[in-house]
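Enquirer: Quick one: this structure, given as structure tokens, is what I'll be asking you about.
The values are calculated or read from the model by the stated rules, or taken from the named source; none is laboratory data. Computed from a prediction, not measured in an experiment: that's the story for all the values here. Positions of Cβ are backbone-derived with ideal geometry, glycine not excepted, and every protein chain shown enters the neighbour counts.
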């Protein structure tokens, strides 16, 4: 089964990437894997405080994931999986792709502000020639109707 990997973060464009991945998975009989990355610099505190903060971050990610997972199950019939990793987002996305051979497509959302599509999209596209899978970049400005039409 081909799995669509999508990155869960706090960006607005993440929503379109999630929707697109779920719609494509539903139409092609694939799956969705949602990756969220906790950056280590968020926990450069005393050991005990850092562990509490790490656990709180995991709980926030889990709650955020559940919202997307419910929508995917209810609307698209797709039951996504969640993977939480720690480190640099780009490095962890590449590591996940390399470690999980079921992943067949990386789906990213492109930001709509003047600063560009976002740091992850920029970095992934620069190294796209070395990836083992295709990358789909979903414009953050697409409406739900537009997404349905192209998926």
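Enquirer: Which residues, counting only those in the range 14-30, are more than 10 Å from the chain's Cα centre (by Cα) and buried (at least 20 other Cβ atoms within 10 Å of the Cβ)?
Expert: Listed by number, the residues that qualify are 16, 19, 20, 22, 23, 24, 25.
Enquirer: Separate question: Of the residues 93, 78, 121, 105, which is assigned to a strand (DSSP E or B) and either in contact (Cβ under 8 Å) with a residue 12 or more places away in the chain or surrounded by 12 or more Cβ atoms within 10 Å (Cβ to Cβ) (or both)?
Expert: 105
Enquirer: Next up: Can you name the residue in the range 124-149 that is without any contact (Cβ under 8 Å) to a residue 24 or more places away in the chain and assigned to a helix (DSSP H, G or I) and is also farthest from residue 27 (Cα to Cα) among such residues?
Expert: Filtering first and then ranking leaves 126.
Enquirer: Kindly establish whether residue 112 is within 16 Å of residue 6 (Cα to Cα) and outside any helix (DSSP H, G or I).
Expert: Taking the combined requirement at face value, the residue does not satisfy it.
Enquirer: To continue, here is another question. Anything in the range 128-139 that is modelled with pLDDT of 90 or more and either touching a helix residue (DSSP H, G or I) at 6+ places or on another chain (Cβ under 8 Å) or within 15 Å of residue 5 (Cβ to Cβ) (or both)? List them, or say none.
Expert: 131, 132, 133, 134, 135, 136, 137, 138, 139
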